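S.K.: Take this structure first; my questions come after.
The values are calculated or read from the model by the stated rules, or taken from the named source; none is laboratory data. Only a predicted model underlies this, so the values are computations on that prediction, with no experimental measurement involved. Backbone-built Cβ (ideal geometry, glycine too); neighbour counts: all protein chains shown. Side chains included, ligands, DNA and RNA excluded: accessible areas come from the protein's heavy atoms. Shrake-Rupley method; radii C 1.70, N 1.55, O 1.52, S 1.80 Å.
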Amino acid sequence: MNRTFTRDQLEEIGVPYDLGDFDGAATELHREQTDTRRWASVHWLVFRAPDDGKAYGVTYQRPLTEHQECDIWFDDAEITATEMEPRGVTSWEPASEQPDDEAEDGEELDGDADSDVFELISEIASRLRDATDEGEYHAVGLIHDLANGMTTVADARAELAELTFRHV
């Protein structure tokens with residue numbers, strides 16, 4: 001799912017340099033340099049648009065020195081932004097037409113939905129807040145394993161059920 005912005009529209013919301021600096025500005029979610037060319041560096045920017053609240057990714061370039069010149073938007077009059085969604089803890093990927101955890105006919109597929117993962121992380125964190133013994137360390141390990149895809153929601157739930165926490 002893409003959205004087309006004009007140069008003026010992006011400038012009005014502060015993309016790519018003035019994000020969050022004024023009322024109505026877009027919010028920066030992620031930025032990274034993806035390439036270096038002879039006279040410019042190429043960057044990927046993920047931002048939240050203030051008008052619809054969706055996250056979008058755009059590619060732009062910057063001159064490598066103050067003596068170099070390049071057009072930020074590669075001489076395009078309209079800039080195609082890709083709708084983005086968070087994946088994992090720190091990576092952004094193009095939004096899919098249909099989430100992996102939904103079947104075409106509305107039937108849920110076997111697997112772990114993001115909402116299940118976040119619900120379980122919230123439950124672990126709530127219990128961890130008051131823990132004072134080794135259960136605390138085990139719970140931290142569960143959070144780590146969930147966040148890094150090293151365990152399933154079902155396995156983590158089973159392990160969490162076996163933990164006992166000593167509360168203050």
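S.K.: List, please: which pairs have Cβ atoms under 6 Å, are six or more places apart or on different chains, and start with a residue in the range 16-28 that is over 19 Å from Arg62 (Cβ atoms) and end with one that is open to solvent by 80 Å² or more (accessible area, probe 1.4 Å)?
M.R.: These pairs meet every condition: Thr27/Arg48.
S.K.: Right, next: Based on this model, can you work out whether Arg31 counts as modelled with pLDDT of 95 or more and open to solvent by 50 Å² or more (accessible area, probe 1.4 Å)?
M.R.: On the way: modelled with pLDDT of 95 or more: no; open to solvent by 50 Å² or more (accessible area, probe 1.4 Å): yes.
In short, no.
S.K.: Kindly evaluate Glu69 against the criterion of being on the phi < 0 side of the Ramachandran plot, open to solvent by 70 Å² or more (accessible area, probe 1.4 Å) and part of a loop (DSSP other than H, G, I, E, B). Show your work before the answer.
M.R.: On the way: on the phi < 0 side of the Ramachandran plot: yes; open to solvent by 70 Å² or more (accessible area, probe 1.4 Å): yes; part of a loop (DSSP other than H, G, I, E, B): yes.
Taking the combined requirement at face value, the residue satisfies it.
S.K.: Could you figure out which of (1) more than 30 Å from Val117 (Cβ to Cβ); (2) touching a strand residue (DSSP E or B) at 6+ places or on another chain (Cβ under 8 Å); (3) surrounded by 14 or more Cβ atoms within 10 Å (Cβ to Cβ) isn't true of Arg37?
M.R.: In the conditions (1) more than 30 Å from Val117 (Cβ to Cβ); (2) touching a strand residue (DSSP E or B) at 6+ places or on another chain (Cβ under 8 Å); (3) surrounded by 14 or more Cβ atoms within 10 Å (Cβ to Cβ), Arg37 misses (3) alone.
S.K.: Quick check on the range 39-53: of everything there that is in contact with a Pro (Cβ under 8 Å, 6 or more places away or on another chain) and among the aliphatic types (A, V, I, L, M), which residue is modelled with the lowest pLDDT?
M.R.: Per the stated criteria, the residue is Ala40.
S.K.: Right, here's the next one. Any idea which residue in the range 51-66 is most open to solvent (accessible area, probe 1.4 Å), counting only those that are closer than 17 Å to Thr4 by Cβ and in a loop (DSSP other than H, G, I, E, B)? If you could, list the steps in order and put the result at the bottom.
M.R.: Applying the first criterion (closer than 17 Å to Thr4 by Cβ) to the range 51-66 yields 51-52, 54-60.
Now narrow it down to the ones that are in a loop (DSSP other than H, G, I, E, B): 51-52, 54.
Working: Asp51: 106, Asp52: 65, Lys54: 88 Å².
Of everything passing the filter in the range 51-66, Asp51 is most open to solvent (accessible area, probe 1.4 Å).
S.K.: A follow-up question, please. For the range 82-97, check the following and say yes or no: at least one residue is touching a strand residue (DSSP E or B) at 6+ places or on another chain (Cβ under 8 Å), at pLDDT 95 or above and either under 26 Å from Leu146 (Cβ atoms) or not in a loop (DSSP other than H, G, I, E, B) (or both).
M.R.: Within the range 82-97 (the criterion being touching a strand residue (DSSP E or B) at 6+ places or on another chain (Cβ under 8 Å), at pLDDT 95 or above and either under 26 Å from Leu146 (Cβ atoms) or not in a loop (DSSP other than H, G, I, E, B) (or both)), the answer is yes, since at least one residue qualifies.
S.K.: Among residues belonging to the range 4-22 that are in a loop (DSSP other than H, G, I, E, B) and not hydrophobic (A, V, I, L, M, F, W, C), point out the one that is surrounded by the fewest Cβ atoms within 10 Å (Cβ to Cβ). Quick ask: steps written out before the conclusion?
M.R.: Initial filter on the range 4-22 (in a loop (DSSP other than H, G, I, E, B)): 13-22.
Cutting the leftovers down to not hydrophobic (A, V, I, L, M, F, W, C) gives us 14, 16-18, 20-21.
Working: Gly14: 19, Pro16: 20, Tyr17: 11, Asp18: 13, Gly20: 12, Asp21: 8.
The qualifying residue surrounded by the fewest Cβ atoms within 10 Å (Cβ to Cβ) is Asp21.
S.K.: Would you check if Phe74 is in contact (Cβ under 8 Å) with a residue 24 or more places away in the chain, more than 30 Å from Ile143 (Cβ to Cβ) and surrounded by 10 or more Cβ atoms within 10 Å (Cβ to Cβ)?
M.R.: Values: in contact (Cβ under 8 Å) with a residue 24 or more places away in the chain: no; more than 30 Å from Ile143 (Cβ to Cβ): yes; surrounded by 10 or more Cβ atoms within 10 Å (Cβ to Cβ): yes.
Criteria not met by Phe74.
S.K.: While we're on this one: Can you tell me which condition Ala25 does not meet? The list is (1) in contact with an Asp or Glu (Cβ under 9 Å, 6 or more places away or on another chain); (2) assigned to a strand (DSSP E or B); (3) surrounded by 15 or more Cβ atoms within 10 Å (Cβ to Cβ), and all the others hold.
M.R.: (2)
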